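The structure appears below as structure tokens.
The values are calculated or read from the model by the stated rules, or taken from the named source; none is laboratory data. Computed from a prediction, not measured in an experiment: that's the story for all the values here. Note that each Cβ is placed from the backbone with ideal geometry, even for glycine, and that neighbours are counted across all protein chains shown. What goes into the accessible areas is simple: the full protein's heavy atoms, side chains included, and nothing from ligands, DNA or RNA. Shrake-Rupley method; radii C 1.70, N 1.55, O 1.52, S 1.80 Å.
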Amino acid sequence: MEKILRSCASQERTKAKVILVWRRRRRRRGMEEKMKRFEMLLYILGGNLLLAFAVCAFVVPNGFMLGGSTGIALVVRSWIPLPISTITAVVNVSLFILGFLFLGKKFAMTSLISTIIYPVILGVFERLPVGTWFSGDTLLCAVFAGVLMGCGIGLVIRAGGSTGGMDIPPCILQKLKGIPVGNSMMCFDIVILGLQILRGGWDGILYGIVVIVLTSGMMNQTILSGEKKIEVIIISPRYEEICKAVLNDLDSGMTFLNIETGYRNEAQKAIFSVVYAKQYPAFRDKALGIDPSAFIVAAPVMNVNGRGYTLAR
């Protein structure tokens, strides 16, 4: 009888431990999700701040021709004397509906944040004398406008949303046709620039093209910032030792590939791994420390999906 009671008590303790561990994991997952949402909101807010500031501080005072929903607002304002923030709000709401239909509810909700925030921030900066704070060097202003706008849009897209403007159609094209966001956005912006020829001279168009090119480049760099990874292939007869050392010391995942050496026709295994760029020197040195004659091939990769990268380990 005692043994049965002890066995039941042991089972109850084990069950309690399992429940406790499960609850801890659920709380941890809940905290991680909250942190991700908070980080997403910070990215979206910061991106819209940069974008609105660049427009009011550099674009409008210098009369640059601009793409995006702000460019459409500049075209409309030349015929209808309304504030840019008001026209932008109307354009953003229309494009928000388009994003909801093609990109789904989740994307639409992140776009909704920018659809509301961007015109509000733009209206605040319109009332401040930010256009008089900086140098009168037009080219310098065009460079800073492109850099800040690209960083702003990139931060918002990196958060999984959009600025609620003309970046929604490029996101739709990326989803349906696989066209990079930066490339299609540049094409849309050039078309919008063409519509602004009647509003200003060729100088404004040329400076506008400079702004658009810089915006596209900085946007792509911001989206990929901190995400650069290196694909590594190691060929060595001491692959098992290298694998154990890297797993224990660097905590990097690995995969074995079946290969056959070309000189001796010997069956062997190669190590395949993807590491962050900043980890590669330590990874390489660890492998060469075990086998100085190891054959190592490394190449940059643009994107990685899977456990340890886009999924939790």
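Just to be sure before I move on: is residue 87 surrounded by fewer than 22 Cβ atoms within 10 Å (Cβ to Cβ) and more than 16 Å from residue 47 (Cα to Cα) in the structure I sent?
Working: surrounded by fewer than 22 Cβ atoms within 10 Å (Cβ to Cβ): yes; more than 16 Å from residue 47 (Cα to Cα): yes.
For residue 87, the condition - surrounded by fewer than 22 Cβ atoms within 10 Å (Cβ to Cβ) and more than 16 Å from residue 47 (Cα to Cα) - is met.
State the number of residues belonging to the stretch 233-253 that are touching an Asp or Glu at 6+ places or on another chain (Cβ under 6 Å) and either open to solvent by 60 Å² or more (accessible area, probe 1.4 Å) or within 30 Å of residue 68 (Cβ to Cβ) (or both).
To start, the set of residues in the stretch 233-253 that are touching an Asp or Glu at 6+ places or on another chain (Cβ under 6 Å) comprises 236, 238.
Going one step further and asking which of them are either open to solvent by 60 Å² or more (accessible area, probe 1.4 Å) or within 30 Å of residue 68 (Cβ to Cβ) (or both), we end up with 238.
Result for the stretch 233-253: 1.
If I filter the stretch 43-57 for residues that are more than 22 Å from the chain's Cα centre (by Cα) and of a type in the set (A, V, I, L, M), do I get at least one hit? Give the steps one after another, and end with the answer.
The first filter runs over the stretch 43-57 and keeps only residues more than 22 Å from the chain's Cα centre (by Cα), leaving 56-57.
Those left that are additionally of a type in the set (A, V, I, L, M): 57.
Within the stretch 43-57, one or more residues are more than 22 Å from the chain's Cα centre (by Cα) and of a type in the set (A, V, I, L, M).
Being open to solvent by 30 Å² or more (accessible area, probe 1.4 Å) and either out of contact with any Lys or Arg (no Cβ under 9 Å at 6 or more places or on another chain) or farther than 30 Å from residue 166 by Cβ (or both) is true for just one of 295, 283. Which residue is that? Break it down stepwise before answering.
On the way: 283 fails: open to solvent by 30 Å² or more (accessible area, probe 1.4 Å).
Only one candidate qualifies: 295.
Sort out which residues of the stretch 254-276 are farther than 25 Å from residue 229 by Cβ and loosely packed, with under 15 Cβ neighbours inside 10 Å, and write them in order of number. If you could, list the steps in order and put the result at the bottom.
Initially, the stretch 254-276 is screened for residues farther than 25 Å from residue 229 by Cβ, giving 260-268.
Those that are farther than 25 Å from residue 229 by Cβ and loosely packed, with under 15 Cβ neighbours inside 10 Å: 260, 261, 262, 263, 264, 265, 266, 267.
Of the residues 102, 134, only one is over 20 Å from residue 219 (Cα atoms), open to solvent by 80 Å² or more (accessible area, probe 1.4 Å), in contact with a Lys or Arg (Cβ under 9 Å, 6 or more places away or on another chain) and touching a residue at least 60 places away in the same chain (Cβ under 8 Å); which?
Values: 134 fails: in contact with a Lys or Arg (Cβ under 9 Å, 6 or more places away or on another chain).
The unique qualifying residue is 102.
Evaluate the stretch 211-232: report whether one residue or more is over 29 Å from residue 276 (Cα atoms), under 23 Å from the mean Cα position of the chain (by Cα) and either surrounded by 20 or more Cβ atoms within 10 Å (Cβ to Cβ) or modelled with pLDDT of 80 or more (or both). Write out each step before concluding.
Kept after step one, since they are over 29 Å from residue 276 (Cα atoms), are these residues of the stretch 211-232: 211-212.
Narrowing further to those that are under 23 Å from the mean Cα position of the chain (by Cα): 211-212.
If we keep only those that are either surrounded by 20 or more Cβ atoms within 10 Å (Cβ to Cβ) or modelled with pLDDT of 80 or more (or both) as well, we get 211-212.
Checking the stretch 211-232: at least one residue is over 29 Å from residue 276 (Cα atoms), under 23 Å from the mean Cα position of the chain (by Cα) and either surrounded by 20 or more Cβ atoms within 10 Å (Cβ to Cβ) or modelled with pLDDT of 80 or more (or both).
Name the residues in the stretch 90-99 that are open to solvent by 30 Å² or more (accessible area, probe 1.4 Å) and touching a residue at least 60 places away in the same chain (Cβ under 8 Å), would you? First the steps, then the outcome.
Of the stretch 90-99, the ones open to solvent by 30 Å² or more (accessible area, probe 1.4 Å) are 90, 93-94, 96-98.
Hits for the stretch 90-99 are 96, 98.
Hey, can you tell me all the residues within the stretch 139-157 that are more than 14 Å from residue 181 (Cα to Cα) and of a type in the set (Val, Ile, Thr)?
143, 147
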